[in-house]
Each structure stands twice: as structure tokens, then as C-alpha cells.
1. Take the residues of the stretch 135-179 that are closer than 19 Å to R272 by Cβ and part of a strand (DSSP E or B): which is modelled with the lowest pLDDT?
2. If I go through the stretch 370-397 residue by residue, how many of them are of a type in the set (S, T, Y) and touching a Pro at 6+ places or on another chain (Cβ under 7 Å)?
3. Is the stretch 407-420 home to any residue that is surrounded by fewer than 23 Cβ atoms within 10 Å (Cβ to Cβ) and on the phi > 0 side of the Ramachandran plot?
4. Listed residues V132, V182; which is over 17 Å from P38 (Cα atoms), at pLDDT 85 or above, surrounded by fewer than 17 Cβ atoms within 10 Å (Cβ to Cβ) and in the same structural domain as E266 (by TED's automatic domain parsing)?
5. Which residue pairs have Cβ atoms closer than 6 Å, lie 6 or more positions apart in sequence or on different chains, and pair a first residue in the stretch 56-83 that is more than 30 Å from K284 (Cα to Cα) and at pLDDT 90 or above with a second residue that is in a strand (DSSP E or B) and β-branched (V, I, T)?
6. Which residues, counting only those in the stretch 196-220, are touching a helix residue (DSSP H, G or I) at 6+ places or on another chain (Cβ under 9 Å) and either at pLDDT 90 or above or surrounded by 15 or more Cβ atoms within 10 Å (Cβ to Cβ) (or both)?
7. Kindly list, by first and then second residue, each pair from a residue in the stretch 106-129 that is over 30 Å from R40 (Cβ atoms) to a residue that is at pLDDT 80 or above and surrounded by 21 or more Cβ atoms within 10 Å (Cβ to Cβ), limited to pairs with Cβ atoms under 8 Å and residues at least 6 apart or on different chains.
8. Out of the stretch 366-407, which residues are over 17 Å from V448 (Cβ atoms), at pLDDT 90 or above, assigned to a loop (DSSP other than H, G, I, E, B) and more than 21 Å from the chain's Cα centre (by Cα)?
Amino acid sequence: MLGSSQPIHSLRLSSSVLIGKVLLAACALASTTSSAEPPRFSQQVDATVTYKINLQIGMGKDAGKYPGTLTYQVKSATPELIQLTVTGDLQGKPSRMPSFFRSSGESSLPTLESVSCRAALIGITPRGEVEVSQRDEMMGLLLGTIGQLAIAPLPPADAKPINARAARGAENGANVPVTWDVSDTTNIARVSTPFGFSPSFASQAGIQNRKLSIATEKWKYVAHPVIRNRMKIDHQYELSAPESDPPMKMEGDGIAFFNLDDGFYEQLQINRVIYQVDDGVEVKVPISISLTRETKQERDAKIAAAKEAALKRTRPFTDAERKQWILDLAPGASEAKAHRAMSELNSRNARQDPEIAKALLQRADMTQGHLKSFFYSAAGRYDESIRQMTEDRSDYSRSLGTVKRTGNPVTSANRLAVGQVLAKARERIGGFEAVEVTEVHNNVEVSVKKVGGHGRPDRVNVSMLRYPPATVPQPSQTRTPRRNLRTAARRTINPRAVPAAEEVEAAEMPDRDANEAIRTWSDKTGKYKIKAAFLAIQEKVVRLRSADGKIIEVPLAALSDDDAKLAEQLQKEAETDANPFQVVSE
């Protein structure tokens, strides 16, 4: 993959280096009279302009088309500096690759990454020279930053007339076409990965390196006479990097129209062709970018649509809407209907609606894949009492990012089961990630893989593992690993020896009461069930003892209504008729 060590805005009409060379056009060449103002960018505070972006890579059936928007607002202005806030986005194809170009599985042409900038700040002179650029986002090699895409040069004072004789003979300083040339050098960086590793793997392994080479850029601009306060500027462009690996070059042209009345470009069209040698074969990639300002009618329609959407988000649900959403989220409904219902509910403002929250939670528990976390998050928006539970379940339903909460450390692999969900420490970046057990090797080592992930499992020590919070249910398909009874050593207890960690944990477990009744407990969805005896309720968390002696904790709000009422009743009975004889040691 190729990258740039410096922003290279060669698909715009200028680069940040080129814009720095822009000066005022000579009054005799750029205006109809000597008193006319030269072209300059707007200095009206709060002036706003929005462009529609259309970028295309390639031609024909394989061409990739990527839309976007770009909005400028004048934040402040002095005679020397104009500060612009920039908001923009370009909708590309999702990819885990951090670079702009990558190979597509369906086409030999490169595909484009999504990129956006929010509240970026650009400071320019009235002539277009870029003095400040903060929080702007690079689009990739040779494309520059999205925030400067419509910041293009105006004629400098030393621009030369194309026809010197016509300029000398022009009456009253009439406009004549002028031209100027600019050249610059910059570094181009190519990311290389030794041993044939993929770029993503090499980056994670820390063996990626960058090879720098020099590139030369050249521009030739022509500014045409002003007509109805619009100036047409076209250009020719050329980039050459013969020493890069592989060698590459780029050439093309472009045209733009600057509005002298409001101080912004009305339209820009940029065409490029990238030439790159790959295995001795020259590959050509055509690229075109067009930017067109929104009309007043389009802007008014967008404002009206935003107001309508805001009203829709806040208005109460109708009975027909609630009934349809609950039907679409039911277990028998299709994934498409459930996803559409969840999306519509997420577009509304959060509010208390336990019935809808229950339907979303039920759908989340039965959903597989990346959508599971979205259903959990939606359920928490409609029932405050289960928000913490849904956040925990959302975190542990996918392996992306760091989980916010964990339970107690795992002290022994003998207490784990294949398929069990845990949290594993992330050594390089800190925090914990959701994993599931794939194999138990011995008392201290297990193999785990990311939840929902693929690839080779990691063999880790249990010291790196933690249990999830009690709000996270374990998959029903978990199973206890087989044990080799012939090789299992019988433990001999030395009364004077320091107890093992698992013995300490077992000693802290409440003593079994002969009167405990084993029954089946279920959660709100009915999907997860366990046979266990009731112990107590502590801080709205129900403690149960499973048939094999394990202590289970589950939020009271996560139990089914009947089981929650039963747990509260048993707790009241235990508090009323508590046993005064408590075992403190054996």
C-alpha cells in the first residue's frame, strides 16, 4: 500500500504548498476597471457553503462511485486571516485496512475507504493561502485532506498574460487570460511488509516499514476573464516519482468557477490518471472528482427534512406502530423485519417502554453475529432498569473493542467449560476483550478465541482471564471438558500447607443447607435456564447454588417475572425466620 508522509492535494486544483504561493491578481488583468476588487475568499462571518462530492475510480462496470458532502463556515475573519470550520464525509467501502487503496476481491481496481472530518479548522488568507489546518482527515495517497478539497488558488500578482500584445492593447485594463506555473517536491512513502505477510498482520506484529522516495509535482494554471462576476480557472497537472517502489506517475487536468460575489467556488471538476508499474506492467487508474454547490432550494429542503425528522423522533408511539414493531421483533419474524424495527426504534428518542424493551432483549438473545450488540443497545434505551445488563451483554456479544466491566479473576482452569465466555487481558493496549473457551489443557492453561471471531485460538494462562459480570449469561452449548481419570492425581491435604486459590474460593462459598430446594430458574426471554437453589438477594442480585455446587449470580431484573417474585418471597422468608446458628469454621 502507498501512503504519504505529507498531505499531497494533487487531485484538488491545488496542494497546501501551492496555495501558499497564491497572491492577488493584478488589477489591470483581473478586472474590467483599475478600481475593481481582485478575487478573494469570503470574509463574511457565519457565511456557509455546502458542496456535494462525487468521486469515481475507474470506468465502466468496475467503476467505484463514492458520494459525500463538504461544508465550510466562516468562523472569524481579519484582513490577513480567514478561519473556516469544516465538516465533511466521503462514503467509501468498509475495510479494516488503514490505507486509502486496497485490492478488491471483485475487481482489479482499487477501492476507497470511508473518511470524514468533524469540526476541522482551516485558516487561509483572503487569497487562499493555508496557514492553519487542524483535525483534518487525509483521504489517502495523492488525494490530500478532505477539508481542503475546495480550497483552490486564485491568480497571483505575477501571473502573465497568455497574449502579451492583447494585454498591452487592451483598453481601460480589460480582462485578458493569464497563466502561471508552480512546481514542488514532496516525499511519497510506500508501506512494505517483509516475508509476504498481509499489511494488517505485519502492522500488528510491528514489522511494517516505510520506504520514502522523492516526487515532483507541476501545475500550469490559466485564469480566464471575469464574466458576470464568475472567474473560470483551469489547470494541467503532472506528478512524477520514478524512484518509488514501484515507480509511479500521475497526470490530468481540471476546471473550476469562482464566484467573486460570495467568495467561494461554485463548481470544481478534477480529472486524474494514476500510472503505476506492477510486475513490469503499467496499470492505469482513472479518477475524477466533482464538487457542486448546493442550491438554495436543496438547502431549504434539507432543513425542512431535518425539522420533520426531529419532530418524528420526539412524538409518542402510536398503537399501530408498537404492535407492528413487537410483531417484527418476535422469534418467528425474519431477520430483515427485526433489523428494520430495531433501526426505526433507534431513530426515535429514548423513553421508558418495558414491553418494547422486552421484545428487543428477546431478539438480541436469539440473534447471532454483529447485530446482536445493536439489539442489546436498543433494549437498554427503552428500559432504564436493564440498561446495565444490556450494556454488559452487548460488550460480551462481540470481540470488537474493550469490554467496560469484568467480574472476578479466574483462579483455576478446572472451573471453566468449553464455550464459556470470559474476558481476556489485552497485553499491548490494555483493558479486556470478550473471548470464549475452546479447550481446557490443564489446571492453569486454556485456549480461547475472540467471541464471534475466526482464526487460530490463543493458548493463555488463567491469570489473564476474568469472569464476565453476573449480567452476562453463558451460552447454552457450553460443556465441561472430559477428564482423564487414570491420570488425575488424588490430592492429599496437608493441614499446615497454604491452601490453593481454588480451595480458598470454595471455602468462601456458603454452606449447603439440606433444606435447599433445587428448581429451574429462567431469565426474561426464557432462552436461558438453570437448575439451582435460592441462597439470597444482595443489592438486587440473586445468588443461586447450582446442582454441582457452583455459586451463580444474576440481576433480579433479568429473571422472569414469576422467578423474580419467588426470589423476593424467599428472601423475605429468610429474613423473617433466619437461622441464628451460623457456621463460621469447620
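1. G140
2. Matching residues across the stretch 370-397 total 1.
3. yes
4. So the residue among V132, V182 that is over 17 Å from P38 (Cα atoms), at pLDDT 85 or above, surrounded by fewer than 17 Cβ atoms within 10 Å (Cβ to Cβ) and in the same structural domain as E266 (by TED's automatic domain parsing) is V132.
5. The qualifying pairs are T71/T50; T71/T87; Y72/V49; Y72/V86; Q73/T48; Q73/T85; K75/T85; I82/I124.
6. Taking the stretch 196-220 and keeping what is touching a helix residue (DSSP H, G or I) at 6+ places or on another chain (Cβ under 9 Å), we get 197, 202, 207-209, 217, 219.
Result: A202, Q208, E217, W219.
7. L109/I57; P110/I57; T111/I57; L112/L55; L112/I57; L112/L90; S114/L90
8. Scanning the stretch 366-407 gives Y382, D383, R405.
The values are calculated or read from the model by the stated rules, or taken from the named source; none is laboratory data. Note that the structure is a prediction, hence the values are computed from the model and not measured. No Cβ is skipped: glycine too gets one built from the backbone with ideal geometry, and neighbour counts run over all protein chains shown.
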